[in-house]
Amino acid sequence: MAAANSRLSEDQLLCSICLDLFTDPVTISCGHNFCPRSRSSEQQVSKPGEVLCDVCTGTKLKALKSCLDCLASYCETHLEPHLTASRLKRHQLIDPVEDLEDRMCTKHDKPLELFCKTDQTCVCVLCSVLDHRTHEFVPLKEEYEEKKAELGKTEADIQQMIHKRHLKIDEIKRSVDLSKEDADREIAEGVQVFTALKESVERGQAELMDTIKEKQETREKQAQAFIKELEQEISELKKRSSEVERLSRSEDHLHLLQRVQSLNINEPPPKDWTEVTFSPKSYEGTVVRAVAQLEETLSEEMKQLLSEAELKRVQQYAADVTLDPDTAHPELILSDDGKQVHHGDVKKKLPDNPERFSKYISVLAKQSFSSGRFYFEVQVKGTTDWFLGVARKSISRKEYITLRPGEGYWSICLRNRNEYKALAGPPVRLSLKSPPEKVGVFVDYEEGLVSFCDVDSAALIYSFTDCSFTEKLFPYFTPCNNYGGKNSAPLIISPVTK
């Protein structure tokens, strides 16, 4: 019995790692005792954030594994018993973690190895047969892989959302920049318009003052002339009065009669001033008339200035438009650069592809537009007949139809040199002050707007509004027949001068 007690005491004094007597032993949470000696020089010293060995004293080494049975983490040296001792080999080792106690079932003190899909919680083996026996279970690793995949997808979705929001930020910034450009442009145009109107008002004011002053000066000159004439007559009358007074005192009968006869006393005066009126000049209504005239002038100037400002605004959306030879009617002749087209009388042999016009002497541009705004200018100088505008992609190109918005055309035309029309539902006759030499075409796809203007005068010709665009739009040109050379001038896509 004493020998047994002696051996028991001796076993208790042996380290389970080195199997020697304990030297400065350390007790860990599972109750095992170990010596602190280790091969520190051969192992990796832990870095901040890494799991530390629970057995090391002094310099802590990096843990290689954590034991769910011992609830401790071990470096390479202190892990050795779990790899060699038969009673420790049965312990469950995992990659090193800090929260070992959180990985144990608080009720049964067993490792959490299963996942209860019913309760969506981690459980131990005893939980699965006691508290959760009717539930659905999967291995913890299987649920981990599934959740990891879900998290990976969630992370990808989050990154995609982040990317979209970055794009939205860029879009908003671009919008702000464009808005600032528009604001600066509007301010500049506003200053130009109001400066011009102010100058016009100042000119009107100066003209009014000059007119009133001129009339007043004329009136004063007229008055001075009357006064001078009256003063001359007064001087003559005073002389005659003096002579009459002198004669009236004379007692020489013969002399008095002779002088009276020479004075012509009874002769009528040179002018009857009683019929002459010189009332004060009235300027009543002058200001009213001047303001009315100024208002009319300002109205015309304002229309012109606003038209010029609007033209400059739409010209910023200028597009580089070229003609598409694959759509051109066989009788049309296109320039090499795709900027000019006219009728050539002779019908060329060309492939009758689906895009080519067969009936109308027309051609489309290569460029198409399905959003935003675009603008182009066409020189029509010297022509007698033409059609110009935009057309949707699905227009009929192989038959005669009525050119109108319902058929996919938004255009205006010139016929017989001076008949201008907008090809709306029923055609609209256009009354223009002067024949345009260059026509500008502006389209706002989202607003459903197609506008035509005289570029040189900046005057609006016609606008199609409230249009509903659902397809690509192509610039559309018809130079018409040349009528024996009378309409030989080409339609020319001109560079936009902003």
Q. Percent of accessible area on region 59-132 owned by carbon and sulfur, 1.4 Å probe?
A. 48 percent
Q. If the chain between Thr59 and Glu98 were fully stretched, how many nm would it gain, using 0.36 nm times the residue separation less the Cα-Cα distance?
A. 12.3 nm
Q: Excluding Leu151 itself, calculate the net charge of residues whose Cβ lies under 11 Å from the Cβ of Leu151, where each Lys or Arg counts +1 and each Asp or Glu counts -1.
A: -2
Q | For Ser368, net neighbour charge (Lys/Arg +1, Asp/Glu -1) across residues whose Cβ lies under 11 Å away | A | +2
Q. At a 1.4 Å probe, what is the % contribution of carbon and sulfur to the accessible area of region 348-498?
A. 49 percent
Q: Please work out the C-alpha center-to-center distance from region 315-383 to region 121-196 and express it in whole Å.
A: 47 Å
(Q) Which lysines, if any, have their Cα less than 25 Å from the Cα of Lys117, not counting same-chain residues under 8 positions apart? (A) Lys107, Lys141, Lys147, Lys148, Lys153
Q. Roughly how big is region 158-204's charge dipole about its Cα centre, with Cβ charges of +1 (Lys, Arg) and -1 (Asp, Glu), in debye to the nearest 20?
A. 360 debye
Q | Calculated FRET value between Lys393 and Gln120, using beta carbons and R₀ = 51 Å, to 0.05 | A | 0.40
Q: Counting only heavy atoms of the protein chains, get the accessible area per residue of the chain (1.4 Å probe) and round it to a whole Å² value.
A: 63 Å²
(Q) Could you work out the relative contact order of region 84-193? I mean the mean sequence separation of Cα pairs under 8 Å and 6+ apart, divided by the number of residues, in percent. (A) 14 percent
Q: Quote the relative contact order of the chain in percent (integer), defining contacts as alpha-carbon pairs under 8 Å separated by 6+ residues.
A: 9 percent
**Q.** Using a Förster distance of 56 Å, the FRET efficiency for Leu130-Ser371 (Cβ separation, nearest 0.05)
**A.** 0.25
Q. Suppose R0 equals 22 Å; then what is the FRET efficiency for Lys486 and Ser335 from their Cβ-Cβ distance, rounded to the nearest 0.05?
A. 0.60
(Q) Give me the dipole magnitude in Debye, nearest 20, for region 79-174 about the Cα centre, with unit charges on the beta carbon: positive for Lys and Arg, negative for Asp and Glu. (A) 220 debye
Q. With labels modelled as points extended 7 Å from the Cα through the Cβ direction, what inter-label distance (nm, one decimal) is found for Glu233 paired with Glu171?
A. 9.2 nm
**Q.** Accessible surface of region 165-243 [probe 1.4 Å, protein heavy atoms]: carbon and sulfur percent
**A.** 57 percent
Q) Taking 0.36 nm per intervening residue step and subtracting the Cα-Cα distance, what contour gain separates Gln159 from Lys438 on full extension? A) 95.2 nm
Q) Lys221: which lysines have alpha carbons under 19 Å from its alpha carbon, excluding same-chain residues fewer than 8 sequence positions away? A) Lys213, Lys281
Q. Taking a ≥ b ≥ c as the square roots of the eigenvalues of the Cα gyration tensor of region 346-498, is the shape rounded (a/c under 1.5), prolate (a/b larger than b/c) or oblate?
A. rounded
Q. When DSSP assigns beta bridges and you keep just the ones with both residues in region 318-419, what percent turn out antiparallel, to the nearest 5?
A. 90 percent
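The values are calculated or read from the model by the stated rules, or taken from the named source; none is laboratory data. Being a predicted model, the structure only gives us computed values, none of them experimental. Because the Cβ atoms are built from the backbone with ideal geometry, glycine has one as well, and the counts that use them run over all protein chains shown. The protein model used for the area step is the full one, side chains on, heavy atoms only, and it has no ligands, DNA or RNA in it. Shrake-Rupley method; radii C 1.70, N 1.55, O 1.52, S 1.80 Å.
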